[in-house]
Amino acid sequence: MPIEPDPCVWAFPPAGSAGPDEVVALGADLAPGTLLAAYRAGLFPMPVPEAPAMVWWSPDPRGVIPLDAFHLSRSLRRTRKRYEITVDRAFGPVVERCADPARPGAWITPEVRAAYTVLHALGWAHSVEAWAADGTLAGGLYGVEIGGLFAAESKFHVGTDASKAAVAGLVERLRERGGPRLLDVQWTTAHLRTLGAVDVPRREYLRRLAAALPLPPALG
């Protein structure tokens, strides 16, 4: 089971206090207790170059992938069979690939990378890997799991549809455990919509979050 860190020393405003820019707060730190308190409150950190401190977000609407609506197309079903899917076998390499500064829209700073590595060591952050037949890491994702919440942070692929295969493997694992689990993807994209991602109002997201948090974790 995950190890509970020292409690957060900061007081976050409510998620519903976010303005039109969807920002709830600036500042605080990335200590494990701070990160967990934020996710439990419906927030997540993402730095932006022009901000003087860490930015804490609460999108409205919020992107989620309903587990019963996950779209496993015929082509993705075939692709999924080509990869071996594992959990927490290569957390460091997955985050390293996701943090590649050459990627468009790169936002994972060394500070962010270090913070989630600590969360992983405590049992709260997890990676899902997709391995090619030759044993190379073809894709993967990482995120934070608190009870029945899995907050997906980033994914990458070097093999065809390998990140999609990793998402499919994650959904399979979450479905197996049952209950009103919540797969949070923050903002929907055209790519995520092909997997069944939808937008839900912030109020609905917070309702689902409250129902998910008491569940036992599926990965940890």
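Across segment 1-58, the convex hull enclosing all Cα atoms gives 78 Å³ per residue. Averaging the Cα positions of each part gives two centres, and for segment 12-64 and segment 152-220 these lie 19 Å apart.
For the pair THR160 and LEU26, a Förster radius of 41 Å applied to the C-beta separation gives a FRET efficiency near 0.55, rounded to the nearest 0.05. Evaluated at q = 0.09, 0.14, 0.15 Å⁻¹, the base-10 log of the normalised Debye intensity for segment 62-212, with identical point scatterers placed on the Cα atoms, takes the values -0.26, -0.66, -0.76.
The listed peptides 134-142, 19-27, ordered by packing as a protection proxy, come out as 134-142, 19-27 (highest mean of other Cβ atoms within 10 Å first).
Among LYS81, LYS164, the ranking by other beta carbons within 10 Å of each residue's beta carbon, starting with the fewest, stands as LYS81, LYS164. In a fully extended conformation the segment linking THR136 and LEU122 would gain 2.4 nm over its present Cα-Cα distance, using 0.36 nm per residue.
Under the simplified labelling scheme, the ASP199-GLU96 pair shows an inter-label distance of 3.8 nm, with each label point 7 Å from Cα along Cα→Cβ. Counting only DSSP beta bridges with both residues in the chain, the antiparallel share comes to about 90 percent. Overall, the chain carries a charge dipole of about 940 debye about its Cα centre when +1 sits on the Cβ of Lys and Arg and -1 on the Cβ of Asp and Glu, all other atoms neutral.
Read-outs: derived from the displayed coordinates by stated rules, not from any lab. Because the structure is predicted, anything quoted here is derived from the model rather than measured. Please note: Cβ atoms are built from the backbone with ideal geometry, for glycine as well, and neighbour counts cover all protein chains shown.
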